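None of the figures in this text is laboratory data; all of them are computed from the coordinates on show. A quick note: this is a predicted structure, and the numbers were derived from the prediction, not measured. With ideal geometry, Cβ positions are generated from the backbone for all residues, glycine too; neighbour counts draw on all protein chains shown.
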Amino acid sequence: MRNKKIAAYICTELLLMTTGCSNSYSDTYVSKADTINFNDEDIEKNISNSQTGEEIANSLQNTKENNNLQDDDNNQSNSSKNENENNSQSANEDSILDGSIISIENNSIIINKTFNLSSTTAVAYGGDDAVFVTVYFSENTNYEVWTVKNSGVNGDSDIDKREGTFSDIKEQLSVNMTGFYEGDDFYAKQVIIYNFV
C-alpha cells in the first residue's frame with residue numbers, strides 16, 4: 001500500500017511539474033491521492049498518462065507562446081495606432097506663437113519668436129540666440145489689428161480692435177498667432193497684429 005501511495009505521489013508530482021503548478025498545490029493533490037485506493041492497473045495508467053500529460057503540457061506551452069506572440073503583435077499594432085492618433089492630434093492641436101515680424105513674403109512671414117518667461121515678461125532673443133520661424137497663411141486665416149495705447153496698462157480700455165487683412169502685417173510689428181506646427185513651420189489660423197502707439 002505504501003508503494004502505491006509513493007507511486008501516486010510521483011505521478012501527481014510529474015503532472016504538476018509538467019503543467020507548471022507550484023509545490024503549494026502538490027500538497028493538496030497528495031492529500032487527495034492518499035484517500036484514493038489505487039490498484040496496480042491504475043498506477044500503470046497514471047504513469048502512461050503522465051507521459052501524455054507531458055505532451056499536453058508541451059502543447060499547452062506552445063499554445064501559450066503562440067498566444068503571447070499574438071498579444072505582442074496586437075500590442076505593437078495598438079501602439080502604432082495610438083502613436084499615429086497622437087501624431088495626428090498633435091498636428092491638429094492649436095499652438096500659440098508670438099514674435100516680431102522680420103520679413104514678409106507672398107503668403108508667409110518670418111518672425112523672431114518671443115518666449116514668454118512669465119505672465120508679465122516676454123523676450124525675443126537676438127543674434128545667435130534668435131529663433132526664426134516661418135509662418136504660412138491661408139485664405140481661411142482670420143486677422144485682427146489691435147491698436148494699443150499706454151502700453152495697454154489699463155487693459156481693454158487701452159486697446160482698439162478691428163478686423164484686419166494680410167496687408168496690415170508690417171515689418172517690426174508684433175504678432176500673436178494661433179495655429180499648428182508642421183515640422184519647424186507654423187500655419188496660422190488666427191492672427192492678432194499689435195500696433196503700439
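Per-residue Karplus couplings for region 173-179, computed as 6.51 cos²θ - 1.76 cosθ + 1.60 with θ equal to phi - 60°, are listed in order as 6, 9, 9, 10, 10, 10, x Hz, Gly and Pro entered as x. Judged by the mean number of other Cβ atoms found within 10 Å, the most tightly packed of the peptides 124-133, 174-183 leads the ranking 174-183, 124-133.
Placing dummy labels 7 Å off each Cα toward the beta-carbon, the span from ASN195 to SER95 is 3.0 nm.
Remark: the THR134-PHE180 segment gains 15.4 nm on full extension, using 0.36 nm per residue and subtracting the alpha carbon distance. Rounded to the nearest whole angstrom, the semi-axes of the ellipsoid equivalent to region 99-197, taken from the Cα gyration tensor as √(5λ), stand at 21, 18, 12, largest first.
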